[in-house]
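Participant: Here's a structure for you.
The values are calculated or read from the model by the stated rules, or taken from the named source; none is laboratory data. Note that the structure is predicted; figures quoted are calculated from it, not measured. All Cβ positions, glycine included, derive from the backbone under ideal geometry; neighbour counts span all protein chains shown. What goes into the accessible areas is simple: the full protein's heavy atoms, side chains included, and nothing from ligands, DNA or RNA. Shrake-Rupley method; radii C 1.70, N 1.55, O 1.52, S 1.80 Å.
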Amino acid sequence: MPPAIAQAFRAAVNEAARHVGATAPNPPVGCTLLDRDGAILAVGGHHRAGTPHAEIQAINQCRERGLLDRAHTAVVTLEPCNHTGRTGPCSQALLATPVRDVWIGVRDPNPHVEGGGADHLRQHGCDVHVLHPTGPQGEIQAICRSLLAPFAHFMRTGQPWITVKQALDATGSMMPPAGRTTFTSAASLDLAHRLRRATDAVITTGSTIRADNPGLNVRRVTDHPERAPRVLAVCTRTGEVDAAYLQAAQDRGFAVQVCTDIAALPDMLGQAGVTWAMVEAGPQLLAEITARNLWHDWLAITAGQGGTDHYSIRVREGDVTPLHLFPELAAVKE
């Protein structure tokens, strides 16, 4: 894989990652257009469902800059669509440009679409390259798979990818000091809010609400504008949640759902169109999620001395996690 193509994939992933949390139930996708010499002409990303796809965004940028006639190569994190939904087929849009060389990070995992964009492009004269999961292309394909992981899981199962975020002190306790609600650094708090922004739902419990009255909304960073309401899933066996808290959560923009059976939680969230959910709760719910294997990746943030926290990531199956989209977590492992 030429270095210019690897650079273009990273640019496409970075652009798509900016919109993670706003595109559901569509996947986040990035597209880079290059000239014949490998110079980047435009980088587009899918912003949210119903808006132009990444390929169209990049093509429009090129057209507006007067550069479309120089477009030679398209680098796309996900196979271009070949069907008409709320937007037209991206395969057709690429064929209407001078682009005749297409690099694809991951094939489309959606079993409900008819016809493959890669095959359509090949049949109409394009050289199409799909990255291999091993060898020199493996590292780049891994970041494309990380970007797509929640959507791909949703397509296979109809259920969301579930991330557990667990904050710990130096002794491994989840209990903050008296008078405080957290013990992690400002940088870790910012990361937590960026994670909330990237996910479609927050999972908590009635006991966490009673103990901490948490906001659970995005505050320390700017949230995605005009995004669909984020789901707040409250797990409680009794079904009882303080009515004033529920009203306040709705006023903060949440679509609140109460779950009385933890086993039904993935299906409940999937039916709401949630592709990526994050758990923010105490040890009792984390123990139940562990016992039932309801989690897919697990971020532990351990408070360190001098305001520097330690991060570790566990992945239940495989080695791909959307947590690696965050720069401070890109190289973190267990």
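Participant: Name the residues in the stretch 195-214 that are surrounded by fewer than 18 Cβ atoms within 10 Å (Cβ to Cβ) and at pLDDT 95 or above, would you?
Facilitator: None; the set is empty.
Participant: A further question on this structure: When the stretch 18-57 is examined, which residues are found to be in contact with a Pro (Cβ under 7 Å, 6 or more places away or on another chain) and within 23 Å of PRO136 (Cβ to Cβ)?
Facilitator: Hit for the stretch 18-57 is GLY38, nothing else.
Participant: Sticking with this structure for a sec: Specify the residue that is nearest to the chain's Cα centre (by Cα); the eligible residues are those in the stretch 39-70 that are among the small types (Gly, Ala, Ser) and open to solvent by 20 Å² or more (accessible area, probe 1.4 Å). Explain how you work it out, then say what you get.
Facilitator: Looking only at the stretch 39-70, we keep the residues that are among the small types (Gly, Ala, Ser), and these are 39, 42, 44-45, 49-50, 54, 58, 66.
Subsequent filtering for residues that are open to solvent by 20 Å² or more (accessible area, probe 1.4 Å) retains 39, 49-50, 66.
Values: ALA39: 28, ALA49: 14, GLY50: 17, GLY66: 32 Å.
Ranking the qualifying residues of the stretch 39-70, first place goes to ALA49.
Participant: Same structure again: What number goes with the only condition from (1) under 23 Å from the mean Cα position of the chain (by Cα); (2) under 26 Å from LEU41 (Cβ atoms); (3) open to solvent by 40 Å² or more (accessible area, probe 1.4 Å) that PRO133 does not pass?
Facilitator: With respect to (1) under 23 Å from the mean Cα position of the chain (by Cα); (2) under 26 Å from LEU41 (Cβ atoms); (3) open to solvent by 40 Å² or more (accessible area, probe 1.4 Å), PRO133 is out only on (2).
Participant: Please determine whether any residue of the stretch 124-144 is at pLDDT 95 or above, among the charged types (D, E, K, R) and not in a helix (DSSP H, G or I).
Facilitator: yes
Participant: Right, here's the next one. Between residues in the stretch 11-37 that are in the same structural domain as ARG107 (by the TED database) and within 22 Å of MET155 (Cα to Cα) and residues that are of a type in the set (Asp, Glu) and assigned to a loop (DSSP other than H, G, I, E, B), which pairs lie under 7 Å by C-beta distance while being six or more apart or on different chains?
Facilitator: Close Cβ pairs (under 7 Å, with a partner that is of a type in the set (Asp, Glu) and assigned to a loop (DSSP other than H, G, I, E, B)) amount to GLY21/ASP200; ALA24/ASP200.
Participant: Also, I was wondering about something else. Show me the helices (runs of 4 or more DSSP H) found entirely inside the stretch 1-96 where at least 2 residues are at pLDDT below 95. Full working, then the answer.
Facilitator: Working: elements: 3-17, 54-64, 90-95.
Filter on the stretch 1-96 gives 90-95.
Participant: Taking MET175 and the conditions (1) without any contact (Cβ under 8 Å) to a residue 24 or more places away in the chain; (2) under 19 Å from the mean Cα position of the chain (by Cα), which numbered condition does it fall short on, given that it satisfies the others?
Facilitator: Failing condition for MET175: (2).
Participant: Still on this model: What number of residues within the stretch 1-29 are open to solvent by less than 30 Å² (accessible area, probe 1.4 Å), under 21 Å from ARG196 (Cα atoms) and not aliphatic (A, V, I, L, M)?
Facilitator: Qualifying residue count, the stretch 1-29: 5.
Participant: Right, another one. Restricting attention to the stretch 151-170, which residues are open to solvent by 10 Å² or more (accessible area, probe 1.4 Å), on the phi < 0 side of the Ramachandran plot and in contact with a helix residue (DSSP H, G or I) (Cβ under 6 Å, 6 or more places away or on another chain)?
Facilitator: Here is the first cut: in the stretch 151-170, the residues open to solvent by 10 Å² or more (accessible area, probe 1.4 Å) are 151-159, 161, 165-170.
From what is left, the residues that are on the phi < 0 side of the Ramachandran plot are 151-157, 159, 161, 165-170.
Residues satisfying the conditions are GLN159, TRP161.
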